[in-house]
Amino acid sequence: MTATNLRKNYAQFSLHIPHMEVSHGQIYGIVGANGCGKSTLAALLAGTTSPDSGIIDHCGLPIRDITLVPQKSYLLRDSVIANLIYPLKIRKMKPHAATIDMYLELAGLKNLRNAYAPSLSSGEAQKLALIRAMIFSPKLVIADEALSNMDMESQARFEEFIMSRQKQHQTTWIVISHQLATIKRLCGYVFFMHAGKIEEENSTAQFFGYPKTAALEKYLAFHN
């Protein structure tokens, strides 16, 4: 996937991405301070928001194979199980009991399968949103702070699962997080956003070990 001369303007914020490239089957991270444009970029890449100008080339990947897990979990006013199988239903894919149970077990929601989804805690809702995004085996997953509300045990379990699925199915992941430890563990390449632009990008080791810009040095120093 490539983005070229991407622009999105709001009243008090402008995003401009001259060039961004994401290779198939890798895990990428996006970091940056609040308000720098991470969520706007995520929505543009996922196709849920249209750019004012510029081109996003998904290299033949249909929109139905792309999913976005936003910061706020938008759940159907229905049961946990109805929420989970919704992506399968709209794609006319048959739900398999073993697959459903596997994802409910992963999220620790097996005993809540018939619970009313809006009544879940914020952490449970986030886990449901994440497994709902994965159940139809998308080719590109964009996760905006999707692991942030989880307890450490759940987060570790999801990280292990994400890395395993990425290797097995060559799923491309773009992970947005303020938790730099998560980015270090999961991602092979990292983008740093600052004031609506990609200020710096590099392999994870180089990114954290040898920052090139003053903005990234300051950001890493603050979070460390």
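The values are calculated or read from the model by the stated rules, or taken from the named source; none is laboratory data. These numbers were taken from a predicted model, which means no experiment stands behind them. Virtual Cβ from ideal backbone geometry, glycine too; neighbours counted across all protein chains shown.
Results for (1) under 21 Å from VAL141 (Cβ atoms); (2) in contact (Cβ under 8 Å) with a residue 12 or more places away in the chain; (3) in a loop (DSSP other than H, G, I, E, B); (4) within 18 Å of the chain's Cα centre (by Cα), shown as yes or no for each residue.
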position	(1), (2), (3), (4)
LEU6	yes, yes, no, no
HIS16	no, yes, no, no
TYR28	yes, yes, no, yes
ALA42	yes, yes, no, yes
THR49	yes, yes, yes, yes
THR67	yes, yes, no, yes
LEU75	yes, yes, yes, yes
ASN83	yes, yes, no, no
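Taking the criterion of being assigned to a strand (DSSP E or B), hydroxyl-bearing (Ser, Thr, Tyr) and touching a helix residue (DSSP H, G or I) at 6+ places or on another chain (Cβ under 8 Å), the only residue of segment 188-213 that qualifies is TYR189. If the condition is being more than 18 Å from GLY123 (Cα to Cα), within 14 Å of the chain's Cα centre (by Cα) and of a type in the set (Ser, Thr, Tyr), then segment 156-188 contributes THR171, THR172. Counting only residues that are in a helix (DSSP H, G or I) and either aromatic (Phe, Trp, Tyr) or modelled with pLDDT under 95 (or both), segment 102-123 holds 3 of them. Do we find that LYS89 is within 29 Å of SER164 (Cβ to Cβ), of a type in the set (Lys, Arg), surrounded by fewer than 17 Cβ atoms within 10 Å (Cβ to Cβ) and in contact with a Leu (Cβ under 9 Å, 6 or more places away or on another chain) in this structure? Taking the combined requirement at face value, the residue does not satisfy it.
Provide a single number: the residues in segment 124-144 that are touching a residue at least 24 places away in the same chain (Cβ under 8 Å) and either among the β-branched types (Val, Ile, Thr) or part of a helix (DSSP H, G or I) (or both). Result for segment 124-144: 13.
Scanning segment 94-117 turns up no residue that is of a type in the set (A, V, I, L, M), surrounded by fewer than 14 Cβ atoms within 10 Å (Cβ to Cβ) and within 18 Å of the chain's Cα centre (by Cα).
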